[in-house]
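Working notes, structure below.
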DNA sequence: TATTTCTACTAAAACGTATTAGTAAAGATA
DNA sequence: TATCTTTACTAATACGTTTTAGTAGAAATA
């Protein structure tokens, strides 16, 4: 069905080179006559020629594809983020090969390998833990790499992120201002740097204000099943609590669900979420939050990556995007 | 950095064929001696050989990639759906080249062309309107195509979907049962078949029960800006309304936001959404809904597509997945 | 008229792999 | 010892492009 340049050339009684040159708008520079150019162009149009991208990439070394590696394409942060990325890249004639790691380093490694094999021209990565080796590998292969959302301090890459510490501090101040003098922190039990930064800012705040630190660590594994129970348990034990700060929106949602399901026992203290959610402004209690501005985040990632691709790999830098405090 | 088979062969003083055969576990069938096999294997391991997928695909005709074309990877239906698809395909050693059409047929056509050029082995498509030609093109190119969520009746493809009419009818019956005798329908102003089916079932229901049909059509363009106003306006004009049926969840969310923002004027009739949402069970008023079971949907899509890829293109069939009515 | 320069192309090599037909050497058979 | 098999490989071709060096013929120059 799909004709190749070779076939087209035979059918037109010209050489493959001629056809290729014409197709790639190099007729003029290769001194192909206008007549022949037209003849080729018309025929190509007529048979509906579609280039074989694989062969093309093999010959040129360019795949026009970039890899996007997120934690979970289905969640309310990465999904919309991915959409922005795709839109921005579409304009530059790039396409996206994406994959979700689900936080599993082995998945992440497989994905990176696959993308290197596919000869993506650059990779946009939200790393899992234990991914240093593979990030170095990408760099060794001279494939531009931009890391976002979190990073490994041990690997020197371009890194686009929000200021987690500062944002977390803003959150604490806000809670304090509206009267919470004993709010607790609910976070995920992992050493993802961005989570640690959020937690540390809270700890620091506690120290400064002499507030007692109350932290619940939940594990990402079977969060749905075990998380709710431990959260309920923890809250009912810590009766002095007068506010909750969730270090990410899915924890906040979990919190809402578990606290809600305890009928009767209506808690009435403020909840705060790191990361907004489409429906947070419809809920009561009202949920204030830190919002990561997705579009600037995506724009910066794409801009930095494309620059690396165009101009060659440069000295790694950090790009900090400031967050918004949404009071509700 | 990345060594090729050719280089490896030279460095080992053997032929390219030998290296290739060993790498592809065909040493035995090609009667390569165990010793040489080991030698090659060790060396390949040592230099960290990574095959060039492009060259490989060019030679074998297999890309191990499938294309996934959705409307919006960032939304709460397609995002999680995509995650399921990816997971299922990962197990079969396939990867995903995805793209969002945003409902724009021209985007969709570009995406399809790109995927054909990339030699994806199959395409999973949620079509936009006016995409018949390009769907036929995919079929002409002998690339397996499975369409989901919506289809064009004019093109014969495998089609995985829920029964929109029947589900919509279930929704109407539910609303009727809980006492709504005058509920209206809010839908999108487009001729997407699944939306039409939902609307038609409502109309049919109206006829059967002699309920007056009240329908508001909103346009997808600048929904966010204009939609809220027209919705508020419509609801306040139709004072007899005692329930609202939204034909999709983003409309329902829009509805919630616009109705909510009218302070004071608290409406207290039931809302029903076609498509669930992560947070619907946390809202009040409680939102009942039709839930499309994402996992079965994704499983069926993937299964059908892989079968087509394996066994060759077969006569198009429809696969209907039944929905759940979630009462809240 | 002999040489140079243009014109309008084409031949050939390259990208990195898979695959099939072929082959030299050793071993088995008669 | 002459022929057939088997062993252990390799040479050659193909996949579909891009790109560079080359070339035959015409036109211009000397």
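Coordinate-derived values only; no laboratory data. Predicted model only: the values in this text are computed from it and were never measured. For neighbour counting, all protein chains shown are included, and Cβ atoms are generated from backbone atoms with ideal geometry for every residue, glycine included.
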For residues of A:91-98, the mean tally of beta carbons on other chains within 10 Å:
4
For residue A:154, place a label point 7 Å out from Cα along the Cα→Cβ vector, do the same in each other copy, and report the separations in nm, one decimal, smallest first.
5.9
Rounded if a/c is under 1.5, else prolate if a/b is larger than b/c, else oblate: which is the stretch A:190-274, with a ≥ b ≥ c the root eigenvalues of its Cα gyration tensor?
oblate
Using the 7 Å Cα-to-Cβ label point, sort the distances from residue A:230 to its equivalents in the other copies shortest first and give them in nm to one decimal.
4.9
Give me the distance between the Cα centres of the stretch B:99-165 and the stretch A:90-114, rounded to whole Å.
23
Averaged over A:52-62, how many beta carbons belonging to a partner chain fall within 10 Å of each residue's beta carbon?
5
If neighbour count is taken as other Cβ atoms inside 10 Å, put B:86, B:133, B:117, B:35 in order from fewest to most.
B:35, B:133, B:117, B:86
Working from Cα positions, state the angle (0 to 90°, nearest 10) between the long axis of helix B:193-209 and the longest principal axis of chain B.
30
Pair-distance profile P(r), taking every C-alpha pair of the stretch A:209-328, with 5 angstrom steps and integer %:
2, 9, 17, 17, 15, 12, 9, 7, 6, 4, 2, 1, 0
Taking the Cα centre of each part, how many Å lie between the stretch A:13-80 and the stretch B:6-64?
30
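Just rank B:322, B:100, fewest to most, by other beta-carbon atoms within 10 angstrom.
Values: B:322 12, B:100 27.
Taking fewest neighbouring Cβ atoms as first place, the list is B:322, B:100.
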Note down the relative contact order for the stretch A:190-259 as a percent, whole number, built from C-alpha pairs under 8 angstrom at least six residues apart.
32
Taking the label point as lying 7 angstrom from Cα along the Cα-to-Cβ axis, what are the distances from residue B:10 to the corresponding position in the remaining copies, in ascending order and in nanometres?
3.3
With a Cα-only, solvent-free Debye model of the protein assembly as shown, what are the log10 I(q)/I(0) values at q = 0.06, 0.07, 0.10 Å⁻¹?
-0.41, -0.55, -1.06
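Order these by the 10 Å Cβ neighbour count, fewest first: B:172, B:180.
On the way: B:172 26, B:180 20.
Final ranking by Cβ density, sparse to dense: B:180, B:172.
Nearest 500 deg cm²/dmol is fine: what mean residue ellipticity at 222 nm does the protein assembly as shown get from its DSSP H runs of n ≥ 4 alone, each adding -39,500 (n - 2.57), divided by its residue count? Walk me through the numbers on the way to the answer.
Numbers: 24 runs with 292 residues, N = 656.
The helix contribution divided over the protein assembly as shown gives -14000 deg cm²/dmol.
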Got the relative contact order for the stretch A:1-159 handy, in percent, Cα pairs under 8 Å and 6 or more residues apart?
17
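For chain A, what does the relative contact order come out to in percent, with C-alpha contacts under 8 Å and a separation of six or more? Display every interim value, and only then the final one.
Working: 503 pairs, mean separation 51.9, N = 328.
Result for chain A is 16 percent.
Kirkwood Rh and Cα-based Rg: tell me the resulting Rg over Rh for the stretch A:16-126, rounded to two decimals.
On the way: Rg = 19.2 Å, Rh = 16.5 Å.
Taking Rh as the inverse mean 1/r over Cα pairs, Rg/Rh reads 1.16.
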For the stretch B:1-55, projected area of the alpha-carbon convex hull averaged over all directions, nm²:
3.6
Could you tell me the extents of chain A's C-alpha atoms along the three principal axes, largest first, rounded to whole Å?
87, 40, 32
